[in-house]
Amino acid sequence: METIRIQYLNDEIERLRYIDGKSDWIDLRAAEDVELKAGEFKLIHLGIAMQLPEGYEAHIVPRSSTFKNFGIIQTNHMGVIDESYCGPNDWWRMPVYAIRDTKIQKNERICQFRIMKHQPVIQFVEGALDGSDRGGFGSTGTK
């Protein structure tokens, strides 16, 4: 089991935890009350900073209900935080764009993350491919 040092913005931020038996992703919450009008952008403070183990990175994505509940999309679609982003002022944030007017209360769950090992070093070798051809992009149909 890996150990990760974490710093919380304050005592009002709910502590991170797994959702019992449902997923190995961990929910992140808004660390502030947020009010956005349609078309506005904001970096929503998530109330945590972490020191990830060497060789690991965190992947941050919206929860499946985030768009339905709040009408926001994550502008970078998936955030990646590597182990070098680990100082006392390297707070995690979620960049969002509001599709509709919305309000998010402090401690509402808006995104989730998981820790992944870095991609191994790979070497690209040029040449013709000899695998089975699936028919190109979008070739599997719609039904």
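The values are calculated or read from the model by the stated rules, or taken from the named source; none is laboratory data. Just so it is clear, the model here is predicted, and its values are computed rather than measured. Methodologically, a virtual Cβ is constructed for each residue, glycine included, from the backbone with ideal geometry; neighbour enumeration extends over all protein chains shown. To get the accessible areas, we keep the full protein, side chains included, count just its heavy atoms, and leave off ligands, DNA and RNA. Shrake-Rupley method; radii C 1.70, N 1.55, O 1.52, S 1.80 Å.
Candidates Lys117, Lys106: the one that is touching a Phe, Trp or Tyr at 6+ places or on another chain (Cβ under 7 Å) and either touching a residue at least 24 places away in the same chain (Cβ under 8 Å) or open to solvent by less than 70 Å² (accessible area, probe 1.4 Å) (or both) is Lys117.
Considering only strands (runs of 3 or more DSSP E) fully contained in segment 87-143, which possess at least 2 residues that are under 19 Å from the mean Cα position of the chain (by Cα)? Steps first, please.
Working: elements: 93-98, 102-104, 109-117.
Those strands (runs of 3 or more DSSP E) span 93-98, 109-117.
Restricting to segment 62-90, name every residue that is open to solvent by less than 30 Å² (accessible area, probe 1.4 Å) and among the hydrophobic types (A, V, I, L, M, F, W, C). Break it down stepwise before answering.
Initially, segment 62-90 is screened for residues open to solvent by less than 30 Å² (accessible area, probe 1.4 Å), giving 65-66, 70-72, 74, 79, 81, 87.
Phe70, Ile72, Ile81, listed by residue number.
Does Glu54 meet the test of being in a loop (DSSP other than H, G, I, E, B), open to solvent by 70 Å² or more (accessible area, probe 1.4 Å) and either in contact with a Gly (Cβ under 9 Å, 6 or more places away or on another chain) or within 14 Å of Ile104 (Cβ to Cβ) (or both)? In short, no.
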